[in-house]
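Structure first, then comments.
The values are calculated or read from the model by the stated rules, or taken from the named source; none is laboratory data. Everything quoted here is computed from the prediction, not taken from an experiment. Because the Cβ atoms are built from the backbone with ideal geometry, glycine has one as well, and the counts that use them run over all protein chains shown.
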């Protein structure tokens, strides 16, 4: 990758291109043979266009689940603005650091509409994407932590993300393929985060983590 001269744009391209390929693949019919949960009976929230006394448009059958995705957008917007200001004002925030965080921001910002589309349409394609894009989000946490602990290694980052995206192919081998792929993502993301915290925050202990949980 070129030097991080424009982390906002470079991070967007890094997220948008793979996501576009995933969207096209999900809508190509490649995953038509796999089982994926669709329909409102899989949710705890009843299929009703009202949230208490508040009415919503008829196409929004689960307002509470739908509104969660606004939260994703707001959190992403907050961190995007925060990183932009910090990158321009604080010498300690380098362009590489900003790039790492911007990628997570774009992932979060673009994940919101995908999950919203799944909730509103209950289409297989959006259900598949909702699962699939979750994997590289966890994988990028691993990449970020490893970079902050050691150094930026483009080849490792690319291979990690490719392996993460390809791991969704486990859905072709077993009914719980997504869960099998997701579990190590979560474990490694938590482990990487723990290693990062213990290095830069010596006061963090196992007891503290248990109390926070």
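Residue check: is residue 179 at pLDDT 95 or above and under 23 Å from residue 67 (Cβ atoms)? No; evaluated as a whole, the condition is false for this residue. The set of residues in the range 170-182 that are assigned to a helix (DSSP H, G or I), without any contact (Cβ under 8 Å) to a residue 12 or more places away in the chain and over 18 Å from the mean Cα position of the chain (by Cα) contains only 170. Need pairs with beta-carbon distance below 6 Å; first residue exposed (fewer than 12 other Cβ atoms within 10 Å of the Cβ) and within the range 146-157, second modelled with pLDDT under 90 and not in a helix (DSSP H, G or I); sequence gap 6+ or separate chains. Pairs that qualify, where the first residue is exposed (fewer than 12 other Cβ atoms within 10 Å of the Cβ) and the partner is modelled with pLDDT under 90 and not in a helix (DSSP H, G or I), are 154/1. Here the condition is being without any contact (Cβ under 8 Å) to a residue 24 or more places away in the chain, surrounded by fewer than 19 Cβ atoms within 10 Å (Cβ to Cβ), assigned to a helix (DSSP H, G or I) and within 15 Å of the chain's Cα centre (by Cα); of 67, 9, 74, it holds for 74 alone.
Restricting attention to the range 12-64, which residues are outside any loop (DSSP other than H, G, I, E, B), over 19 Å from the mean Cα position of the chain (by Cα) and buried (at least 17 other Cβ atoms within 10 Å of the Cβ)?
Going through the range 12-64, the residues outside any loop (DSSP other than H, G, I, E, B) turn out to be 12-26, 40-42, 50-51, 54-55, 63-64.
Add one more test, that the residue is over 19 Å from the mean Cα position of the chain (by Cα), and what stays is 40-42, 50-51, 54-55, 63-64.
Matches in the range 12-64: 63 only.
Among the candidates 171, 133, 143, single out the residue that is over 26 Å from residue 35 (Cα atoms) and either surrounded by 18 or more Cβ atoms within 10 Å (Cβ to Cβ) or not assigned by TED's automatic domain parsing to the domain that holds residue 80 (or both). Write out each step before concluding.
Details: 171 fails: over 26 Å from residue 35 (Cα atoms); 133 fails: over 26 Å from residue 35 (Cα atoms).
The match here is 143.
Please go through the range 175-186 and give me each residue that is touching a helix residue (DSSP H, G or I) at 6+ places or on another chain (Cβ under 7 Å) and surrounded by fewer than 19 Cβ atoms within 10 Å (Cβ to Cβ), ordered by number.
Residues of the range 175-186 touching a helix residue (DSSP H, G or I) at 6+ places or on another chain (Cβ under 7 Å): 177-178, 180-182, 185-186.
Within the range 175-186, 177, 180, 182, 186 qualify.
On the basis of being assigned to a helix (DSSP H, G or I), more than 15 Å from the chain's Cα centre (by Cα) and within 17 Å of residue 19 (Cβ to Cβ), does residue 157 make the cut? It is true that residue 157 is assigned to a helix (DSSP H, G or I), more than 15 Å from the chain's Cα centre (by Cα) and within 17 Å of residue 19 (Cβ to Cβ).
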